[in-house]
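Here is the structure we will look at.
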Amino acid sequence: MPENRPSETRGPQWEPYAGDLDRTVVVRLTLAERVQHIVLMVSFTILIVTGAPLLFPETPLIQVFGGMFPVRTFVHRFAGVVLAGLAAFHVLYVLFSDEGRRDFGRMAPRLRDVKDFVHYLRYQMGKVDEPPPFGKFNPFEKIEYFAVVWGSAVMVATGFMMWFFEATLRVFPKWVYDLIVLIHGYEALLAFLSIILWHLYNVHLKPGVFPLSKVWINGQITLRELKEHHPREYQNWLRRQRIQPPGEDGEI
Amino acid sequence: MASSLAADSAAGARLFVDPAVFRNSIHGQMGFTCTMCHPSISDYPHERVTPVDCGACHEPARNELQGSVHGSVHPIGGTVPATCADCHGSHGIRRPADPESAVYRLTQFQACAGCHSDPEHMARFGQGIVEAVPTYLESVHGRALVDKGLSVAPVCTDCHGQPGTGAHEVQIVASPASPMNRAHVIETCGRCHEGMVTAYRQGIHGQKLAEGNTDVPTCVDCHTEHAVQPITSPGSSVYPSRIPGTCLACHEREDVNARYGLPSARRESYLGSFHGIALVSGQLTAANCESCHGAHDIRPSSDSTSSVSPAHLLATCGRCHPGIGQRVTEGKIHVASVREDINLFAYGVQLFYYLLIAGIILFAAAMIALDQYRHRVVDPRRTGHGHA
């Protein structure tokens, strides 16, 4: 009931939820979002595997394709088309679905993200005991999301220009094509490092989650996790549950 | 001196001439008697015979041989490396056109191999090369001769002997008189491969060679010598996947590039390109050096007739990429350095990405370290609860 959503930043703090924090689960990622994530993950992995060796042409890495180089090229382009299709679907999802619109709104950068980030640093260093009051998406997740949006746009655009280089060279001079190739490679390296160093650590490897988070599969987190890592969203969830006073319709 | 028949007999030497062998030889068929070649024999039994003087009858052959490496006293070996009989045999000599002849065209290599494949024998003359014949037999020329029975395939003496007189005037390759010497190798190969040599002479390599240049490649520098293979053979030095290595043997050399004002970094700029990557990865249809620059009549891009001259570049690209935009000519094809081969803007983009990538690595490392600090130092007892 998004139309009844109370302000996320003001208003009284609700009393702590009385139920079992560990046994009540809330939806963090909808089915549509999980499917999009899996398609992204698979296509991204294929694109990296079939693309990365080209960045290191003078190493044995380039030999991994054996005599299958044309197959590599086909698979890479196929995965690129899948990624482009996913991006198009995501735009529609954000524009026309309730969950997509709502979650995209929560992704929007706010000034308080800066405050939350500073709070987070102090919390990590042990200067404050209260966890940072992150919403559904913390500042890192917001940056990551927009990095994926930007990165996908750059990779799809430059990728298609490389694929159809005959046409590209009818419009742009050779140096622009060279620049596109350059950008495609560095942007890929950037994306790969972000996933390996940042994303995998923060969603799977960090203490408390290790070895594997299941959120990307079942889309669920417990209320305790919500309360601990996304306090502001926890408060919002409580408010949404208590729009109708407890006991009136038997729920909660 | 153990030159008695008794001593030879004790050593197991063959004492008697097989009448059938002699009868079927060219000399036997012509009714020669023993003493025509062995005039020192006057009675029986006789002493060891004196060397036969073939040149008494075959005077032109003797003259040819005397000027050759085989017929003159070798500076290291101290003897004459080969006599008539070493190649032609003795009592069983046949006409060269006779398949039974030791120098019959299709089996001549065996006569040469008798000495040239024997390491001990060749060592006496300071020669370490004993692989020439087996290498030749594996080459396109050797297989044409042996496997296909092609009598037009070149045999040893076709390349190493003088045209016309053939085998007798073989010289070492270092000798300017050798048909395989750098001064003559083009015309020697051209005796059969005339079209290629004509094209070669028009290209920059051929033009420079005619000027006496000692750096430019001749046929054998790209195609190898005894080992020459067809371009369809993966072992060929000019097989698509091996062409870059063959060209780079010279064009990667800084001294060569500096001497002739040639661009450097051909290796990096090609292997880093899609063409190079695809070729190294086994896609043989990817463009190699030859695809764009040509082969025998290769010319510099400054030559208006060159396939990579500004006027022809688009058509050259279009051979594989029909409909490629004409702006492909606006910029360098070989890109090794972003700064110098693309432009400063691209260099700026590259620096931007360097900073961004370094920043991401440092930021991620710092955040991970901070998180570990919290879980190990600030709050070591807390185990945390799932989810990010």
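Below is a table of values for the structure above.
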item: Per-selection metrics, the range B:242-340 (Cα): Rg and Dmax in Å; result: 13.4, 39
item: Which of B:Ile26, B:Pro230, B:Pro60, positive extreme of dipole for chain B (C-beta unit charges); result: B:Pro230
item: Inter-probe distance in nm under a simple model that places probes 7 Å from Cα toward Cβ, at B:Thr35 and B:Glu59; result: 2.5 nm
item: Computed over the range A:62-164, Kirkwood Rh from alpha-carbon pairs, angstrom; result: 16.8 Å
item: Dipole in debye (nearest 20) - chain A, about Cα centre, beta carbon charges: Lys, Arg +1; Asp, Glu -1; result: 280 debye
item: Count of Lys pairs (Cα-Cα under 15 Å; at least 8 positions apart or interchain) in chain A; result: 4
item: Max mean-square fluctuation residue, GNM over chain B, Cα-Cα springs under 10 Å, options B:Arg62, B:Arg253, B:Arg182; result: B:Arg253
item: Chain A: angle of helix A:139-163 to the longest principal axis, Cα-based, in degrees nearest 10; result: 20 degrees
item: Lys, Arg +1 and Asp, Glu -1 on Cβ, resulting dipole of the protein assembly as shown about Cα centre, debye, nearest 20; result: 2580 debye
item: Dipole-positive endmost among B:Ala315, B:His121, A:Trp163 within the protein assembly as shown (Cβ charges, Cα centre); result: A:Trp163
item: Within the range B:129-201, GluC sites (Glu not before Pro) in DSSP loop having at most 15 other beta-carbon neighbours inside 10 Å; result: B:Glu131
item: Zero-based 20 Å bins, Cα pair distances in chain B, whole percents; result: 19, 37, 22, 14, 6, 1
item: Degrees, to the nearest 10: A:31-51 long Cα axis against longest axis of chain A; result: 30 degrees
item: Cα-based radius of gyration of the range A:37-106 once divided by 2.2 N^0.38 Å, which approximates compact folds; result: 1.48
item: Cα gyration tensor of the range A:127-217 - equivalent ellipsoid semi-axes, whole Å, descending; result: 38, 14, 11
item: The protein assembly as shown: translational diffusion in µm²/s, Stokes-Einstein, Kirkwood Rh over Cα pairs, 4 °C, 1.567 mPa s; result: 40 µm²/s
item: Pairwise FRET efficiency - B:Val173 versus B:Glu340, Cβ, R0 = 60 Å, nearest 0.05; result: 0.90
item: Alpha carbon centroid spacing (whole Å) that separates the range A:186-239 from the range B:235-291; result: 48 Å
item: Chain A - Kirkwood radius from inverse mean 1/r over Cα pairs (Å); result: 21.0 Å
item: Pairwise Cα inverse-distance average, inverted: Kirkwood Rh of the range B:122-232 (Å); result: 15.0 Å
item: Positive-end residue, chain A charge dipole about Cα centroid, Cβ charges, pick of A:Phe74, A:Leu55, A:His204; result: A:Leu55
item: Degrees separating the helix A:174-193 axis from the principal Cα axis of chain A, which is the longest one; result: 40 degrees
item: Helix-only CD estimate at 222 nm, as mean residue ellipticity for chain B, using -39500 (n - 2.57) per DSSP H run (n ≥ 4); result: -11000 deg cm²/dmol
item: Spin-label pair A:Leu61/B:Val377, simplified geometry with 7 Å Cα→Cβ offset, distance in nm; result: 3.4 nm
item: Span-rule helices in chain B, defined as complete DSSP H runs reaching 27 Å or more along the axis (Cα) with Kyte mean at least -1.0; result: B:344-373
item: Estimated FRET transfer efficiency (A:Phe78, B:Val256; beta-carbon r; R0 35 Å; 0.05); result: 0.20
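Read the figures in this text as sums done on the coordinates, not as results from a lab. Everything numeric here is computed off the predicted structure, so don't read it as measured data. Quick reminder, even Gly has a Cβ in these numbers, built from the backbone with ideal geometry, and neighbours come from all protein chains shown.
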